[in-house]
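The values are calculated or read from the model by the stated rules, or taken from the named source; none is laboratory data. Quick caveat: nothing in here was measured; it's all calculated off a predicted structure. The protein model used for the area step is the full one, side chains on, heavy atoms only, and it has no ligands, DNA or RNA in it. Shrake-Rupley method; radii C 1.70, N 1.55, O 1.52, S 1.80 Å.
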Amino acid sequence: MDTNQGIRHKEHIQDAISWYNKFLGFCVEGGHGVKLIFNNINSQNPNEEYSFTLRHADDNYTLLDCDPYLGDMKEFIQELN
């Protein structure tokens, strides 16, 4: 990838993150895994937070946490892997 292509790719990623942040209240926190946090999901309570935490190690994703709990997420994780 040449430098201009890399810059455009980074700009597209930043635009996507900005869009998700604006419309879904998206943000990311690092730690033991990567926590993806959303609000603006519930129109009755737009400050209510929804999140899940993933860890990537040894070419596999592991779901560490999901709030609110959504039940068995094995299929979702299998699709990621």
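For this structure, a couple of remarks:
- On a per residue basis, the chain carries 81 Å² of accessible surface, using protein heavy atoms and a 1.4 Å probe.
- Residue-by-residue Karplus 3J(HN,Hα) for the stretch 35-45, coefficients 6.51, -1.76, 1.60, Hz, glycine and proline x: 9, 9, 10, 10, 10, 6, 8, 8, 5, 6, 9
- Sequentially through the stretch 49-54, phi angles give Karplus couplings (6.51, -1.76, 1.60; θ = phi - 60°) of 9, 10, 8, 8, 10, 10 Hz, Gly and Pro residues having no value and appearing as x.
- Pairs of Cα atoms nearer than 8 Å and 6+ residues apart set the relative contact order; for the stretch 26-80 it is 23 percent.
- Direction-averaged projected area, Cα convex hull, the stretch 26-80: 4.2 nm², rounded to one decimal.
- Heavy atoms of PHE76 accessible to a 1.4 Å probe, total area in Å² rounded to 10: 80 Å²
- THR3 - accessible surface, heavy atoms, 1.4 Å probe, Å² rounded to 10: 100 Å²
- The lysines whose alpha-carbon is closer than 22 Å to the alpha-carbon of LYS22, local same-chain residues fewer than 8 away aside, are LYS10, LYS35.
- In terms of accessible area, using a 1.4 Å probe and ignoring ligands and nucleic acids, LEU70, LEU54 rank largest first as LEU70, LEU54.
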